[in-house]
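Asker: This structure is in structure tokens; I'll ask about it shortly.
Values in this text are rule-based calculations from the coordinates and carry no lab data. Note that the structure is a prediction, hence the values are computed from the model and not measured. Here the Cβ positions follow ideal geometry from the backbone for every residue, glycine too, while neighbour counts run over all protein chains shown.
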Amino acid sequence: MQETPFLKLVSRRRSVRKYKPQPVEKEKLLVCLEAARLAPSACNGQPYKFIVVSDPAAKDRLSGAAFSGIYSPCKFAAGAGALVVVVSQKGSAAAWLGNQMRDTNFRLMDIGIAAEHFVLAAEEQGLATCWLGWFNAKAAAKTLTLPSGSKAEVMLSVGYADETPPARKRKSMEEIASLI
């Protein structure tokens with residue numbers, strides 16, 4: 001199979017858990033946010049908001065709330081230059097109807113697509129990331145003073161890698177796909 005620039009990009013991306021103590025440039029974060037903004041979503045509802053926390057004091061408060069107790073395995077993320085909280089917001093009526101008819105949460109799919117656009121844009125700019133699903137969402141929401149009805153669905157740590165994790169074994173093409 002031909003290795004394209006995009007395949008090279010996604011094959012070198014790793015989940016990084018050790019970061020250099022270096023801030024992330026606002027310009028690079030804005031490129032990542034633009035990539036997320038351009039992501040497709042059900043009925044173009046874009047039911048999310050990306051909250052970037054890079055101020056050291058604010059990042060410490062968020063980390064302390066989100067990664068304490070049973071969530072402490074993810075406290076490594078506090079060492080990243082920035083934390084990104086992806087918050088779900090109300091989607092369109094058409095997307096809601098689709099959710100009901102298909103018994104599928106398109107809002108979470110939309111968040112996944114937009115967040116992965118963010119992550120791949122970060123990789124392209126030499127930034128490292130890690131998806132974080134294990135965190136205290138209620139404490140994060142309280143720390144960020146999110147409005148009622150909003151939920152911190154996922155977090156991304158973003159920064160400069162201080163490690164190079166090895167590639168993980170992937171299933172074969174035959175195991176994941178069928179061409180009919």
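Asker: Using beta carbons and a limit of 8 Å, which pairs, at least six apart or on different chains, have the first residue in segment 63-80 and without any contact (Cβ under 8 Å) to a residue 40 or more places away in the chain and the second one polar (S, T, N, Q)?
Answerer: 75/63; 75/68; 78/63
Asker: If you go through segment 1-31, how many residues are assigned to a loop (DSSP other than H, G, I, E, B) and not hydroxyl-bearing (Ser, Thr, Tyr)?
Answerer: 14
Asker: What are the residues in segment 7-18 that are among the hydrophobic types (A, V, I, L, M, F, W, C) and over 24 Å from residue 155 (Cα atoms), if any?
Answerer: The answer is 7, and nothing else.
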